[in-house]
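Working notes, structure below.
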Amino acid sequence: MLQRQASLWVALALVLVAADARATAPVDPLGSPMWAAHARTLFGDDPVRFDPRVKVDFPMIAENQRAFPVAIDARAIPGVVRIVILVDLNPIPIAIDYRPLHAAPYVATRIKLDQRTPVRGAVQLASGEWLVSGGWIDAAGGGCSAPPVSRVKGDWAEHLGEIRGEAWPLPGGLARVRLNFRHPMDTGLVDNIATYHLEALRVKDSGGRTLGEMDIWAAVAEDPAITLMVEDGAGAQLTAEARDTNGRDYRAALPMARQSPMPGGR
Amino acid sequence: MILSRRSLLGGVAALASAPARAADYAIAPEAIGQGVWLVRGADEPIEAGNGGAIANIAIITTPAGTVLWDCGPSVRYARALRQAAEQLTGKPVVRVYVSHLHPDHGLGLAAFDPAIVAALPGTIDALRAQGQGYADGMYRLLGDWMRGTDLLLPGRAIMASEEDFGGRTLRLLALSGHSAADLALLDPQTGLLMGGDLVFHDRAPSTPTADLSTWRASLDRLKAMPHGGVVPGHGPFDPGGTAAIDQTRDWIDWLEATLTQAVRDGLDMVEAGERPIPDRFVKMAAARYELQRSVSHLYPGLEAALLPRVDVP
């Protein structure tokens with residue numbers, strides 16, 4: 001009887017160990033103190049590995065910690081269904097969670113940095129597996145906890161809803177889309193300014209088909225600038241729809257520019 | 001030798017807790033004209049390895065005393081500079097000109113009596129508004145090098161176009177473009193022109209407070225004015241007097257054209273910062289670094305000017 005009970009405990013312990021092993025992400029090459037916690041939240045039980053084919057590009061210096069440019073390019077990887085921009089040591093660690101439904105796995109934007117931190121791209125394949133890459137960037141503090149420039153100037157409301165942008169045809173039936181919104185993107189971490197940010201963006205073709213959609217957090221810089229590469233139905237009009245946390249809707253119709261002489265950027 | 005465990009632990013703790021004391025600045029003036037010396041800054045970004053001593057400084061001896069053109073990033077730098085300058089000239093420092101608001105040129109003014117420190121009114125206003133932010137940034141980057149450096153304001157606003165020092169008259173030019181107020185100085189006795197950060201040489205220009213079109217106009221004025229050699233704000237002395245001015249103009253023209261084209265072609269900021277740098281700038285130190293900084297400074301403005309409004313009701 002005693003023996004049977006003991007073996008039951010051993011079996012139970014083995015199950016627990018196995019479950020724990022499944023949830024453990026690989027050792028972080030960047031040595032981030034937040035990696036294990038973020039990996040558990042973001043990836044759950046999905047398999048994760050580090051893969052340099054996820055190109056995470058950013059400048060060598062964080063000249064402006066309120067607007068640090070980042071581009072995630074996973075075009076070398078087939079079957080990407082989701083791209084997440086993760087900033088380990090930001091109080092708001094996720095900037096963008098993008099589903100490129102009929103689009104190349106590429107997204108560029110500008111983010112806030114609250115201190116020196118890893119900046120990563122995590123892409124998910126249809127199989128559920130996550131591929132991750134990134135690097136450290138040094139930054140002065142306060143990117144998330146300083147008031148936006150337009151709040152200090154006081155003119156944010158006058159420009160709310162303004163969208164600038166364009167679309168450029170690319171080889172291979174794609175179009176490069178740039179969208180620059182005016183929005184304070186309040187983090188909620190500044191005294192007496194409640195959280196207020198764009199939270200969803202969708203790009204559609206002229207038939208109403210969603211080409212790419214994303215969730216957006218206030219870790220994205222004030223006046224969000226977003227660059228995507230979507231499938232282009234033979235130069236048809238593209239539209240964009242966005243919504244902020246107050247339920248305000250934003251709509252844009254994107255004119256198609258002439259062919260870019262720098263297709264794909266680089 | 002046997003170390004007790006306690007003394008070993010004590011030693012380790014001392015190592016860990018003692019703040020790293022920065023090395024001392026090496027001030028090495030080189031003569032570039034009759035009674036004028038240049039103290040070269042490192043042609044690098046501001047970083048702990050150089051203590052922020054990246055700006056060129058000039059020392060001018062006059063019958064009335066020693067004049068300093070800029071005074072470096074920290075009190076410790078400025079004290080070493082004053083000692084070296086007074087040793088060289090045998091006369092006390094009677095005037096310090098601060099060329100513009102950037103901290104690598106003027107934060108060291110705290111080592112002097114503000115009454116002898118002169119700057120353009122626009123520079124004093126800008127330091128009052130933004131100086132503390134710059135000082136905070138310098139402390140973050142440089143740590144102990146900055147110890148004891150408080151933000152002080154120059155005590156004399158420059159209103160005249162020349163100042164006489166016992167017979168050696170120095171001409172003062174109020175310009176702008178690199179910042180909202182950029183001082184340049186001409187020493188008629190030697191023909192030497194101190195360009196401040198309006199002029200860079202074999203070191204890429206920086207643009208955090210730049211207005212490129214007024215910068216171009218200021219470069220035109222400097223070029224048209226009769227002068228000999230040019231002391232750039234950063235980079236080697238230009239004895240011919242035109243190469244550094246031309247190169248600075250070439251860079252800002254290229255920079256503006258390149259970023260404008262990048263916006264027109266749909267590039268994001270990351271991609272704009274990775275545009276190729278032409279071969280003619282290959283000798284320029286910190287070129288990629290300054291291009292990426294300039295993208296941060298200039299790109300949002302170019303996007304707002306060049307991308308069409310696309311919002312619909």
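Structural remarks
- Top-ranked residue in the range A:134-163 [being within 23 Å of residue B:135 (Cβ to Cβ) and assigned to a helix (DSSP H, G or I); ranked as nearest to the other protein chains (Cβ to nearest Cβ)]: A:149
- The number of residues in the range A:118-133 that are part of a strand (DSSP E or B) and more than 17 Å from residue A:34 (Cα to Cα) comes to 5.
- Single condition residue A:176 does not satisfy, out of (1) assigned to a loop (DSSP other than H, G, I, E, B); (2) over 15 Å from residue A:30 (Cβ atoms): (1)
- Restricting B:118, B:129, B:85 to residues that are of a type in the set (A, V, I, L, M, F, W, C) and surrounded by fewer than 20 Cβ atoms within 10 Å (Cβ to Cβ) narrows the list to B:129.
- Matching residues in the range B:101-125 - criterion: being out of contact with any helix residue (DSSP H, G or I) (no Cβ under 8 Å at 6 or more places or on another chain) and free of Cβ contacts under 8 Å to residues at least 60 places away in the same chain: B:113, B:114, B:115, B:116, B:118, B:122, B:124, B:125
- Of all residues making up the range B:95-115, the number that are among the small types (Gly, Ala, Ser), buried (at least 24 other Cβ atoms within 10 Å of the Cβ) and in contact with a Ser or Thr (Cβ under 7 Å, 6 or more places away or on another chain): 1
- Residue selected from the range A:28-68 under the condition in contact with an Asp or Glu (Cβ under 6 Å, 6 or more places away or on another chain) and in a loop (DSSP other than H, G, I, E, B), by the criterion farthest from the other protein chains (Cβ to nearest Cβ): A:47
Residues checked against (1) in a strand (DSSP E or B); (2) away from every other protein chain (no Cβ under 14 Å):
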residue	(1), (2)
A:70	yes, no
A:86	yes, yes
A:91	no, yes
A:101	no, yes
A:106	yes, no
A:109	yes, no
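- When the range B:238-275 is filtered for residues that are out of contact with any helix residue (DSSP H, G or I) (no Cβ under 9 Å at 6 or more places or on another chain) and under 16 Å from residue B:204 (Cβ atoms), the ones remaining, listed by number, are B:243, B:244, B:257.
- The range B:29-49, subset small (Gly, Ala, Ser) and modelled with pLDDT of 95 or more, residue surrounded by the most Cβ atoms within 10 Å (Cβ to Cβ): B:41
- Considering residues of the range B:263-281 that are among the charged types (D, E, K, R) and assigned to a loop (DSSP other than H, G, I, E, B) only, the residue farthest from the other protein chains (Cβ to nearest Cβ): B:275
- Residue B:129 out of contact with any strand residue (DSSP E or B) (no Cβ under 7 Å at 6 or more places or on another chain), among the hydrophobic types (A, V, I, L, M, F, W, C) and without any contact (Cβ under 8 Å) to a residue 24 or more places away in the chain: yes
- Residues that are closer than 22 Å to residue A:41 by Cβ, in contact with a Gly (Cβ under 6 Å, 6 or more places away or on another chain) and buried (at least 24 other Cβ atoms within 10 Å of the Cβ), drawn from the range A:98-117: A:112, A:113
- Residues of the range B:287-312 satisfying the condition of being more than 10 Å from chain A (Cβ to nearest Cβ) and either assigned to a loop (DSSP other than H, G, I, E, B) or within 19 Å of residue A:182 (Cβ to Cβ) (or both): B:298, B:301, B:302
- Output for the range A:213-250, where each listed residue is among the acidic types (Asp, Glu) and surrounded by 23 or more Cβ atoms within 10 Å (Cβ to Cβ): A:222, A:223, A:232
- Count - residues of the range B:142-164 that are part of a helix (DSSP H, G or I) and within 22 Å of residue B:128 (Cα to Cα): 2
- Filter result for residue B:252 (surrounded by 19 or more Cβ atoms within 10 Å (Cβ to Cβ), closer than 23 Å to residue B:198 by Cα, out of contact with any Ser or Thr (no Cβ under 6 Å at 6 or more places or on another chain) and more than 13 Å from chain A (Cβ to nearest Cβ)): yes
To keep it simple, each residue is scored yes or no on (1) modelled with pLDDT under 95; (2) of a type in the set (A, V, I, L, M); (3) surrounded by fewer than 20 Cβ atoms within 10 Å (Cβ to Cβ); (4) more than 17 Å from the chain's Cα centre (by Cα).
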residue	(1), (2), (3), (4)
A:47	no, no, yes, yes
A:55	no, no, yes, no
A:67	no, yes, no, no
A:76	no, yes, yes, yes
A:85	no, yes, no, no
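- Considering residues of the range B:233-245 that are in contact with a Phe, Trp or Tyr (Cβ under 8 Å, 6 or more places away or on another chain) and more than 13 Å from residue B:39 (Cβ to Cβ) only, the residue surrounded by the most Cβ atoms within 10 Å (Cβ to Cβ): B:244
The values are calculated or read from the model by the stated rules, or taken from the named source; none is laboratory data. These figures come from a predicted structure and were not determined experimentally. Every residue, glycine among them, receives a Cβ derived from its backbone with ideal geometry; neighbour counts consider all protein chains shown.
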